[in-house]
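What follows is one structure encoded as structure tokens, with my remarks underneath.
The values are calculated or read from the model by the stated rules, or taken from the named source; none is laboratory data. Worth saying up front: this structure is predicted, and the values here are computed from it rather than measured. Please note: Cβ atoms are built from the backbone with ideal geometry, for glycine as well, and neighbour counts cover all protein chains shown.
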Amino acid sequence: MSIHLHLRAVAESEIRDDHTWLTAFMAEAWDKIPAEYAAGIADSIDKVWDSVNDLYAAAADVLDADADKPWELPIYGGRPVAHSADADPSDPPLMILEPPGVSQAADFLAAVSFDDLWNVAGAKFTRRGWDEAQARQELLDHHRSLRGLYGRAASAGHAVVKAVWA
């Protein structure tokens with residue numbers, strides 16, 4: 001089974017705070033994912049987004065303590081969009097990270113050193129049975145991709161919508 005966290009940058013004014021509408025919007029974006037990747041407005045993480053979040057959580061040990069915990073924003077940050085009463089129960093969970101949160105996530109991703117995060121958290125992934133070199137490269141690729149997406153979204157003043165597709 002394939003499961004993805006799909007992230008899509010979009011102008012906040014174009015978002016309807018309606019689960020049914022937002023599901024259709026994200027499904028249409030998912031259908032055009034190669035073009036959206038090329039445009040730099042979308043990203044997705046297959047199955048391992050919790051591990052990417054675990055990597056970012058290492059920032060609590062790498063950075064000075066920060067009450068805002070910006071390392072929580074790239075993966076799980078945002079406001080859940082409630083299902084409507086008539087929603088299909090198979091519709092994906094959705095979140096919207098509004099522009100101020102996108103800017104915080106972009107600042108965090110630009111400031112944090114992947115190597116520092118890996119030095120703190122890398123052993124966690126090898127204990128899970130991952131090949132160290134492969135795990136490091138996969139997480140580095142996700143980090144670079146997320147840094148680019150959030151950086152572009154923040155520069156444009158956009159929100160980031162997140163959907164989990166199963």
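For the reader, a short list of remarks on this structure follows.
- Residue in the stretch 93-105 that is among the hydrophobic types (A, V, I, L, M, F, W, C), assigned to a helix (DSSP H, G or I) and touching a residue at least 24 places away in the same chain (Cβ under 8 Å) present: yes
- Residue within the stretch 55-78 that is hydrophobic (A, V, I, L, M, F, W, C) and over 29 Å from VAL112 (Cβ atoms) present: no
- Taking the criterion of being surrounded by 22 or more Cβ atoms within 10 Å (Cβ to Cβ) and either touching a Gly at 6+ places or on another chain (Cβ under 6 Å) or touching a residue at least 60 places away in the same chain (Cβ under 8 Å) (or both), the residues of the stretch 143-158 that qualify are LEU146, LEU149, TYR150, ALA153, HIS158.
- When LEU109 is tested against (1) farther than 21 Å from ILE15 by Cα; (2) at pLDDT 95 or above; (3) surrounded by fewer than 15 Cβ atoms within 10 Å (Cβ to Cβ), only condition (3) is not met.
- Residues located in the stretch 53-82, provided they are of a type outside the set (D, E, K, R) and either at pLDDT below 85 or in contact with a strand residue (DSSP E or B) (Cβ under 6 Å, 6 or more places away or on another chain) (or both): VAL62, LEU63, ALA65, ALA67, GLY77, GLY78, PRO80, VAL81
- Residue check for ALA123: of a type outside the set (D, E, K, R), in contact with a Gly (Cβ under 8 Å, 6 or more places away or on another chain) and farther than 26 Å from VAL10 by Cβ: no
- Subset tally (residues that are surrounded by fewer than 18 Cβ atoms within 10 Å (Cβ to Cβ) and closer than 14 Å to LYS162 by Cα) for the stretch 22-44: 5
- Residue check, ALA166 of a type in the set (A, V, I, L, M, F, W, C), out of contact with any helix residue (DSSP H, G or I) (no Cβ under 6 Å at 6 or more places or on another chain), surrounded by fewer than 15 Cβ atoms within 10 Å (Cβ to Cβ) and closer than 21 Å to ASP61 by Cα: no
- Among the candidates ARG8, ARG16, residue that is in contact with a helix residue (DSSP H, G or I) (Cβ under 7 Å, 6 or more places away or on another chain), at pLDDT below 95 and among the charged types (D, E, K, R): ARG16
- Within the stretch 107-131, being of a type in the set (Phe, Trp, Tyr), part of a helix (DSSP H, G or I) and either out of contact with any helix residue (DSSP H, G or I) (no Cβ under 8 Å at 6 or more places or on another chain) or over 19 Å from ARG152 (Cβ atoms) (or both) holds for TRP118, PHE125.
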